[in-house]
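Here, each number is a calculation from the coordinates, and none is a lab measurement. Worth saying up front: this structure is predicted, and the values here are computed from it rather than measured. A quick note on method: Cβ atoms are made from the backbone with ideal geometry, for glycine too, and the neighbour counts reach across all protein chains shown.
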Amino acid sequence: MGEQFTRELRLLTPIHFKFVFDDATPAVSPQLTILARSNSLDFPRLGITIAKKRVKLAHDRNRIKRLIRESFRKHQLELPKTDIIVIGKNGLDKLSNEEIFNLLNKLWKKLSHRCK
């Protein structure tokens with residue numbers, strides 16, 4: 001796969017999201033929650049949910065989603081074969097790009113450790 005973010009690396013349907021929500025392994029911080037569940041594929045997949053209620057402005061939601069996708073793309077070869085959902089919480093829009101990347105790095109490591 002390399003370091004690309006192709007369509008097959010995304011959780012696209014409500015069924016995919018429900019699969020993860022039903023029996024998830026969490027990695028939590030005050031601004032983000034990451035839920036994961038093992039899949040039968042040879043690669044991890046990503047889904048992102050950031051509610052308008054949590055991050056009001058569309059450009060902030062889009063910026064955060066871009067950062068999450070970029071971080072996932074760079075770490076996908078190190079991550080376990082899981083379906084992952086990243087959920088944004090209050091205060092996420094107040095973090096800088098660097099702070100979000102650092103937070104995601106910590107959560108990817110925590111998630112990898114918990115899913116092994």
Tell me, what ³J(HN,Hα) does each residue in the stretch 76-87 have, in order and in whole Hz, if you take phi through Karplus 6.51 cos²θ - 1.76 cosθ + 1.60 with θ = phi - 60° and put x for Gly and Pro?
4, 6, 8, 7, x, 6, 9, 8, 10, 10, 9, 10
Net length gained if the chain between Glu98 and Arg37 were fully extended (0.36 nm per residue, minus Cα distance):
19.2 nm
Which lysines have a Cα lying under 21 Å from the Cα of Lys110, excluding residues fewer than 8 positions away in the same chain?
Lys65, Lys74, Lys81, Lys89
GNM on the chain, C-alpha springs below 10 Å: top fluctuator among Leu77, Leu57, Leu12?
Leu57
Once you have the Kirkwood Rh of the stretch 7-115 from its Cα pairs, apply Stokes-Einstein at 25 °C and 0.890 mPa s and quote D in µm²/s.
177
With at most 13 neighbouring Cβ atoms within 10 Å, loop GluC sites (Glu not before Pro) (DSSP) excluded, longest segment of the chain
4-77
Using the beta-carbon distance between Leu12 and Arg66 and R0 = 25 Å, what value does 1/(1 + (r/R0)^6) give for FRET efficiency, to the nearest 0.05?
0.90
Could I have the simple spin-label model distance between Gln4 and Asp23, label points 7 Å from Cα toward Cβ, reported in nm to one decimal?
3.2
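Dipole magnitude of the chain about its Cα centre, charges +1 at Lys/Arg Cβ and -1 at Asp/Glu Cβ only, in debye to the nearest 20? Write out the running numbers ahead of the final one.
Values: 24 positive and 12 negative charges, 72 e Å.
The dipole magnitude comes to about 340 debye.
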